[in-house]
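Worksheet: one structure, shown below.
Every number here is computed from the coordinates shown, using simple stated rules; none is lab data. Bear in mind the structure is a predicted one, so any value in this text is a computation, not a measurement. Cβ placement follows ideal geometry from the backbone for every residue including glycine, while neighbour counts extend to all protein chains displayed.
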Amino acid sequence: MTRKVLQRLWLVAALLVSWEALSRWRVLNPLFFPPPSKLLAVLGPLIWGGSALDATGHTLTRTAIGFAAGIICGALISAAISSVPWIRSGSEPVVSAMYASPRLTLLPMAMLIFGVNDSARIVLVALSTMLIVVIQVSDAIRGVNPAFVDLARNYGASQAMVLRKVYLPACLPQFFTALRLSFGRAFVLTISIELLSAGNGLGNMIWAAWQTFYIERLYVCILLAAMIGLLCQMPFRVLERHFTKWRGASA
């Protein structure tokens, strides 16, 4: 266990030690690159005072609601695209165009339609999640070998059994990839939106630290966001290992 932890964290530890030393020796300007020891002194009051926890709660709430809505809509749209050829041919250009466009450019339009509130922000997060899921899952469904489907039907499998025994296992790895990618994108987009329009959240804390030139707090908020994003990826990996055990068995 200790060895695995060291293997995962040695680079992070080396970077932090190097950063501390270079800042202390003024190879790096401590005004713009304050040493990690100073950042820890700022992190404590932020956490114990509750401001960091409150901001994290707002950010994760927006992310979770938008992410959940995007997953549901994306899965339903993926099934329709993969099952009906005319829906697929008509939707592919729209999905590709929307995926290629920066989601933040749609923020003014979302505010115009839904108002200057969390609804507009959550809709953008849901849209970003939905697009990733649609692209990943529809490709996974279309990539299922037709021979497996025919074989299952020849042995008397119903449509429900074909979906459960053939399509679902084949699509699960790419679906979990879509979950990880879309959650990371949703979290980043939420913070980006908070930089521009929200009165709370981690993005708002980062922007306030920049406006007041509170560099230590700026770094702390950015690193805190990175750590939260990393920790939120772990449940998806645990679920993937649990539901795709057959991949390890067949490897």
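In segment 125-139, of all residues being in contact (Cβ under 8 Å) with a residue 60 or more places away in the chain and over 13 Å from the mean Cα position of the chain (by Cα), the one that is surrounded by the fewest Cβ atoms within 10 Å (Cβ to Cβ) corresponds to VAL137. Going by the structure shown, is ASN204 assigned to a loop (DSSP other than H, G, I, E, B) and either out of contact with any strand residue (DSSP E or B) (no Cβ under 6 Å at 6 or more places or on another chain) or among the polar types (S, T, N, Q) (or both)? So ASN204 does not fit the description; no. If only residues of segment 61-82 that are in contact (Cβ under 8 Å) with a residue 24 or more places away in the chain and over 16 Å from LEU124 (Cβ atoms) are counted, the one that is surrounded by the fewest Cβ atoms within 10 Å (Cβ to Cβ) is ALA79. Pairs are defined by a Cβ separation below 6 Å, a sequence spacing of at least 6 or placement on different chains, a first member in segment 188-213 that is in contact (Cβ under 8 Å) with a residue 40 or more places away in the chain, and a second member that is of a type in the set (Val, Ile, Thr) and assigned to a helix (DSSP H, G or I); the pairs so defined are LEU189/VAL125; THR190/THR59; THR190/THR63; THR190/VAL125; GLY201/THR59; LEU202/THR59; LEU202/ILE191; GLY203/ILE191. Here VAL144 meets each of (1) among the aliphatic types (A, V, I, L, M); (2) farther than 20 Å from LEU179 by Cα; (3) touching a helix residue (DSSP H, G or I) at 6+ places or on another chain (Cβ under 7 Å); (4) not in a helix (DSSP H, G or I) with one exception, condition (2). Considered as a group, the residues in segment 1-45 that are of a type in the set (D, E, K, R) and surrounded by 11 or more Cβ atoms within 10 Å (Cβ to Cβ) include one that is farthest from ALA225 (Cα to Cα), and that residue is ARG24.
Going by what's in this entry, would ILE77 be described as under 16 Å from the mean Cα position of the chain (by Cα), closer than 26 Å to GLY184 by Cβ and of a type in the set (A, V, I, L, M, F, W, C)? Considered against the rule, which asks whether it is under 16 Å from the mean Cα position of the chain (by Cα), closer than 26 Å to GLY184 by Cβ and of a type in the set (A, V, I, L, M, F, W, C), ILE77 comes out as no. Candidates THR63, THR105, THR56: the one that is within 30 Å of LYS245 (Cα to Cα) and of a type in the set (S, T, N, Q) is THR63.
Within segment 102-117, does at least one residue satisfy the condition of being more than 27 Å from LEU196 (Cα to Cα), of a type in the set (Lys, Arg) and in contact with a helix residue (DSSP H, G or I) (Cβ under 6 Å, 6 or more places away or on another chain)? No, every residue in segment 102-117 fails to be more than 27 Å from LEU196 (Cα to Cα), of a type in the set (Lys, Arg) and in contact with a helix residue (DSSP H, G or I) (Cβ under 6 Å, 6 or more places away or on another chain). The sole residue among LEU189, LEU179, LEU163 that is of a type outside the set (D, E, K, R), in a helix (DSSP H, G or I) and over 15 Å from the mean Cα position of the chain (by Cα) is LEU163.
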